[in-house]
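The block underneath contains the structure these notes are about, expressed in C-alpha cells.
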Amino acid sequence: MSKVAIVTGGTRGIGAATAVALKEAGYKVAANYAGNDEAARNFHKQTGIATYKWSVADYDACAAGIAQVETDLGPISVLVNNAGITRDAMFHKMTRAQWDEVIGTNLSGVFNMTHPLWARMRARKFGRIITISSVNGQKGQMGQANYSAAKAGDIGFTKALALEGARAGITVNVICPGYIATDMVMTVPEKAREAIIAQIPVGRLGEAEEIARCVVFLASENSGFITGATLSANGGQYLV
Ligand code: NDP
C-alpha cells in the first residue's frame, strides 16, 4: 500500500497539525488550501510539505488537483476532508449566500474530494477517508444553522459511504472535534471564548495536535475494523 495522504485545508490549524503528524508517521503528504498564499508559503518553508491551491467547493478543481497530486506523489491512500469555514448568523439574519458558502465548502466540498478518489481507491482495494465534522454538527449551535447542517451532513455521508466501502477495503470515519485553539476559534471575541471554555468539562480548548493524533490512528492500516465511526474529541463537551 502506498503511503500518500492529502489533507484539505492542510496549511493552517487542525489541517496543518494533521499534515505534520502524517508526515511524521511516514506518509508523503499534500496539503491543499484555498487562498491564503502567505500561510501556505510559511507552512511549506517550516515543514517541507507540498502545498496545492484549489477550492474544495469546485468539483472540477478537486478532480484535477487529485490527479496532479497522484502524478507528483503517487496513489493517494488517505484523504482527510478537513477544509471548513464558518459564516455565523442567527437564522433570521442569515443570508442565502452564507448558507451556500458553508454548505458548498463544508458538505459539498467533502463530496467533491471524495467522489473523484473513490473509484481510484476501489480499484486499489484500499482507502482511508477521514472527515472533520464538529461537536456542533452533533448537538447544534445557535447562530450556526448552516454550519451545524453541513457538519451533521458529514456524519450521515460517512455512515452511508462506510457501508459502500466496507467490502472494497475502504474505511470511512468522521471526527467531531470540540473547540480547538485555531484561527477559527481565536477570532471569536475573548468574552465569548471564555463562555465557551466554561462549558467544556476539561476546562480548556483542545490543541490541533490532539485532533491530528486521532487522524493518524484512523489512517493506519491497522484500523481496518473501524468504519462508519464517529470519534468525538471534545473534552467532554457533548456530555453537558
Ligand atoms: P482554520 O480556519 O484554522 O483553517 C482552515 C483551513 O481550511 C485553511 O487551510 C483554509 O485555507 C482551508 N480552507 C477553507 N476553505 C477552503 C476551501 N474552499 N478549499 C480548500 N481549503 C479551504 O480552521 P480549523 O483548523 O479551525 O478547522 C479545520 C476543520 O475543523 C474545519 O472543517 C472546521 O469546521 C473543523 N472544526 C474546527 C473546530 C475548532 O474549534 N477550530 C471545532 C470543530 C471542527 P486558507 O488558509 O487558504 O484560507
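We did not get these values from a lab; they are worked out from the coordinates using the rules stated. Small disclaimer: the values here were computed from a predicted structure and weren't measured. Note that each Cβ is placed from the backbone with ideal geometry, even for glycine, and that neighbours are counted across all protein chains shown.
Numbers below:
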quantity: Mean Kyte hydropathy of 0.0 or more with a Cα span along the axis of at least 27 Å, helices from DSSP in the chain; calculated: 145-165
quantity: Cα centroid separation, region 44-78 to region 133-170 (Å); calculated: 23 Å
quantity: Highest to lowest packing among 114-124, 144-154, 186-196, 205-215, scored as the average C-beta count within 10 Å; calculated: 144-154, 205-215, 114-124, 186-196
quantity: All Cα pairs of the chain, percent lying beyond 29 Å; calculated: 23 percent
quantity: Point-to-point label distance, Ala67-Arg122, nm (Cα→Cβ direction, 7 Å offset); calculated: 1.9 nm
quantity: Contour minus Cα-Cα distance for Arg204 and Thr95 (0.36 nm per residue); calculated: 36.0 nm
quantity: Least to most buried among Phe91, Phe217, Phe43, Phe225 (fewest other Cβ within 10 Å first); calculated: Phe225, Phe91, Phe217, Phe43
quantity: Percent RCO, i.e. relative contact order, over the chain, from Cα pairs under 8 Å lying at least 6 residues apart; calculated: 20 percent
quantity: Filter on Lys139/Lys191; Lys3/Lys53; Lys45/Lys191; Lys23/Lys53 - keep pairs with C-alpha separation over 31 Å; calculated: Lys45/Lys191
